[in-house]
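Read-outs: derived from the displayed coordinates by stated rules, not from any lab. Keep in mind that this is a model prediction, so the values were computed, not measured. Here Cβ is always computed from backbone atoms with ideal geometry, including for glycine, and neighbour counts include all displayed protein chains.
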């Protein structure tokens, strides 16, 4: 589903500009993962060009090739071969042009930092080979690529290309876009999901200062005014009556693995253990609430948005406005990280409706309360695991039932359920007979994509349970895992993190403990050790985290470290603090006071990330894997520190105290 | 309502609705969009500015109150093209991901370093505790402030 059929054309990927710079094009989006920088590194190397002359355009639907969306930590893995091939093809065309111009065979020519050289004595800058004729043509699949010895940027740590704009405040985030004649919008919200508009009286609102229009389309109501304060004040003055129609999510049972003999093996196991793990719903909780700028004209629309899916937003907006898709241009802007939330184009659709109604460009930025109340969230999960061990302490059989709700905007598409809502439910261990079943159960909460989807939930259960099995059979958590890992790359990250953190040796102060957890996430291998202190009152303090990650060939090692560190820090916040509360489908925790996340004071003293990629393996993603094993590493560390086994997140003081007492 | 604000060392005249916040005036009247809206309740730090030497939430100050203060926004930290030491350090440590909270962190850090040239880690954490970051760059930001101080 992520691949297109036709070969890509060079002009959709690489453009040599008249000023000698090169524009590289991709449908992927950078929310802070640093892919813009990684792509520039790849193209600069393959085209043999100083990186300062590479300009990366991401997601502009008028320029870039179709892309399904930025998620699943796939960007670098998918785009690396495409961009390298495209750049290599561009370089070959430049060499061929130079060959014709100089009347020397191609094999006598080479490139050097933005120019074609003829054995060093003649030098033609690429731009002089342009001659008004753009580089073009279908990109061949197999092209000779630059040898590693000639790649100057890939593999080197690079500061982010946007860094200077960000620290000077010049970076233009979505809500910073200013267009001539632009107005501000504010929505009138119903009391719950799925509400139908019964009546509307906007007489008073229309007369308020600055108000340009009260817009209604179906059940969507909003106000457009000269200033945001005015739009908000007037939105509060629109009198509306709603009819509440309860919304329930879908349900389904999906067998993910059904080996023969699981029940029989469990029955004859010499040790059998069954446990249940529970995770609450949590919020993506971006620091910047959803925003969009829409400029809708009678003959077309331009949208400035933050999105994972520019082409998806184009489709949604075109449908909303009744325009053909090619009349809608989506221009993704730098945006607050949203960790999956922006897969859905809520603000964009609303802004488009407001702009159409007002006949002028409109900026809509949600309030903090709206962001909590109306965004999709990561659904809750309840995970039941049973395993049986043989007398030597090997796992014989494994039964796993995942109960959760839909984890993506794709909903119930049976083709993707097992890799979305059921992501990482199949344990990375073997060999043993396993049965794994995903049960999607209805919820009234609006749920969708959040960093790693269900993987962080499943891996919390699986990795906590591995520790429990080890304890029940008198084995060390590390050794028990290694007995069930065959893949050498997986073994290596587990062994390395144990070694690096001193997991097996040394003594810790009282009430301190270390725990290990690991996983394989979309072919990225990651293992972590967390060290915690559990205070006498039951407070869990995360002190240190060690992580070893193998994402294959690494393009920007510091970018990888930053992503993994961030994943760990965010996941520690989920684990220790976060629980979204909702009633009748309505989120009730709608501010940072009711939904606290980790602050500077909660950050561990250190997060050490070793990037030990297998250079012979293709690059894999790093945006999500760091967040996946952290919860179990912390819970396992709590057990090591005080003997309390916590099977429910977040690890609050009350839960720790109760578990210690029992 | 007509007011004169002192922002980044310059006097700026504005004509705004009464009770407009400093944040909305910076962003919508003065085109200083580096100061960001995060929550409107002073709980996240995205909109921090330096007001008379202290880092404060510009969403909680009315422009009227701010007119009596010297305001510095993230755009006012650098001197021309020369970055403020905290800006340079944040770039060098790559202490950002999406960058939405970065302006606020830089403001807190700059205010801290102006009153304490060599803060220890506890002081750094305390000074930045009002700045939420969802991407999780706390560790790098602490390193960056230490680097800027040295």
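Remarks
- Nearest-0.05 FRET efficiency for residue A:426 and residue A:128, computed from C-beta distance (R0 51 Å): 0.35
- Pairs of alpha carbons in segment A:349-487 separated by more than 27 Å make up 40% of all such pairs.
- Per-selection Rg to Rh, segment B:85-149 - Cα, Kirkwood hydrodynamic radius: 0.91
- Helical contribution to [θ] at 222 nm, DSSP H n ≥ 4, -39,500 (n - 2.57), averaged over the protein assembly as shown, rounded to 500: -8500 deg cm²/dmol
- In terms of its Cα atoms, segment A:452-661 spans 49, 40, 31 Å along the principal axes, sorted from long to short.
- Centroid-to-centroid separation of segment B:2-44 and segment A:53-80 [C-alpha atoms, Å]: 36 Å
- Take the Cβ atoms of residue A:537 and residue A:392, set R0 to 56 Å, and the FRET efficiency comes out at 0.85.
- Label-point separation, residue B:15 to residue A:118 (7 Å along Cα→Cβ), nm: 6.8 nm
- Coordinate range along principal axes, alpha carbons of segment B:47-114, Å, largest first: 37, 24, 19
- Between the alpha-carbon centres of segment B:56-96 and segment A:91-165 there is a gap of 42 Å.
- Relative contact order computed over chain A (Cα-Cα under 8 Å; 6+ residues apart), in percent: 14 percent
- Label separation (residue B:150 vs residue A:196): 6.6 nm, computed from points 7 Å beyond Cα along the C-beta direction.
- Rounded tilt (10° steps) of B:138-149 against the dominant C-alpha axis of chain B: 90 degrees
- For segment A:122-278, radius of gyration divided by Kirkwood radius, i.e. Rg to Rh on alpha-carbons: 1.24
- The Rg/Rh ratio of segment A:10-161, with both radii computed over alpha carbons and Rh defined as the Kirkwood radius, is 0.96.
- Across segment A:432-517, counting alpha-carbon atoms alone, Rg and Dmax equal 16.6, 49 Å.
- Note on residue A:486 and residue A:206: their simple-model spin labels are 7.3 nm apart, each label 7 Å out from Cα toward Cβ.
- Theoretical FRET efficiency, 1/(1+(r/R0)^6), r = Cβ-Cβ of residue B:78 and residue A:245, R0 60 Å, to 0.05: 0.65
- Convex hull of chain B built on C-alpha atoms - directionally averaged projected area, nm²: 8.2 nm²
- Segment A:570-662: projected area of the alpha-carbon convex hull, averaged over directions, in nm²: 9.1 nm²
- As a proxy for reagent exposure, A:473, A:26 were ordered by neighbouring Cβ count within 10 angstrom, fewest first; the result is A:473, A:26.
- Alpha-carbon centroid distance for the pair segment A:355-433 / segment B:116-150, whole angstrom: 34 Å
- Comparing B:39, B:133, B:101 in a Gaussian network model of chain B where C-alpha atoms under 10 Å apart are linked, the largest mean-square fluctuation is found at B:39.
- Fewest-first sequence of A:402, B:53 by Cβ atoms within 10 Å of each Cβ: B:53, A:402
- Helix B:102-115 axis, angle to chain B major axis (alpha carbon atoms, nearest 10°): 80 degrees
- Shown for A:187, A:303, A:146, B:1: other C-beta atoms within 10 Å of each C-beta, ranked fewest to most, produce the order B:1, A:146, A:187, A:303.
- Computed over segment A:10-161, relative contact order equals 32 percent, with contacts defined as Cα pairs under 8 Å that lie 6+ residues apart.
- Span per principal axis, largest first, for the Cα atoms of the protein assembly as shown (Å): 79, 78, 58
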